[in-house]
Amino acid sequence: SPSIGVFALQGDVREHLRALGDLGVPAFTVRRPEELERCDALVLPGGESTTMYKLARSFDLFEPLAARIHGGMPTFGTCAGMIMLADRIEDGIAGQETLGGLDITVRRNAFGRQVDSFEGDIEFDGFSEPVHAVFIRAPWVETLGPDVQPLATIPSGEAAGRIVAVRQGNLMATSFHPEVGSDDRIHRYFVDLVKQS
Ligand code: GLN
């Protein structure tokens with residue numbers, strides 16, 4: 001089975017390791033360039049994107065990560081991981097860098113204070129049953145380029161129509177956290193993408 005790493009300098013690493021392990025695809029942590037070299041594919045977890053890019057810089061992972069991602073390595077980002085994959089950010093901190101790769105603009109902490117964390121059922125492209133999505137100070141996709149496919153949007157309420165999952169080639173991202181809970185379909189979707197690539 002493919003060798004999938006989870007970026008592990010910050011974020012909810014364990015949840016992704018468990019989700020992948022439960023699918024029979026044991027994953028390993030990536031904190032050093034040598035570990036990245038062993039990866040066929042990578043997960044960028046949820047957490048804090050401002051901390052992630054700084055740590056990636058300090059640990060000399062930023063450039064190698066960007067190179068692998070732009071070189072076509074299948075990569076799945078959740079929440080802060082989506083921000084890390086975005087080519088452009090709104091409401092980032094001054095100087096905040098991303099690895100890029102996805103031709104999207106994300107808005108950080110987009111859902112605002114009152115509903116900054118919430119859960120809800122959303123349709124996900126190709127799934128017959130909705131996904132129960134957990135949003136924690138989540139971004140949304142503000143704009144997307146022509147090669148980016150939206151996979152899920154907020155169904156109702158003030159944020160109705162906002163895009164919260166996308167795919168572009170070997171890259172995919174969700175602004176919610178499929179690694180939290182027991183629904184394995186989105187990780188399975190990623191593992192299928194990895195196997196096909
Ligand atoms: N708000 C966080 C950020 O900007 C993302 C939150 C999350 O990953 N749950 O990175």
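Every read-out reported here was derived from the displayed coordinates using simple, explicitly stated rules and does not represent laboratory data. Everything numeric in this text was worked out from a predicted model, so none of it was measured. Here the Cβ positions follow ideal geometry from the backbone for every residue, glycine too, while neighbour counts run over all protein chains shown.
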Determine Rg/Rh for region 1-99; Rg is computed over alpha-carbon atoms and Rh is the Kirkwood hydrodynamic estimate from the same atoms.
0.95
Protection proxy ranking, peptides 11-20, 146-155, average beta carbon neighbours within 10 Å, highest first:
11-20, 146-155
Given the DSSP H assignment, sum -39500 (n - 2.57) over each helix run of at least 4 residues in the chain and divide by its residue total; what's the result at 222 nm in deg cm²/dmol, nearest 500?
-7500 deg cm²/dmol
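Order the peptides 165-174, 35-44, 73-82 from the highest to the lowest mean number of other Cβ atoms within 10 Å of their residues.
Ranked from most to least packed, the peptides come out as 73-82, 165-174, 35-44.
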Can you tell me the convex hull volume per residue for region 1-49, based on C-alpha atoms, in Å³ to the nearest whole number?
59
Report the convex hull volume per residue for the chain, counting only C-alpha atoms, in Å³.
105
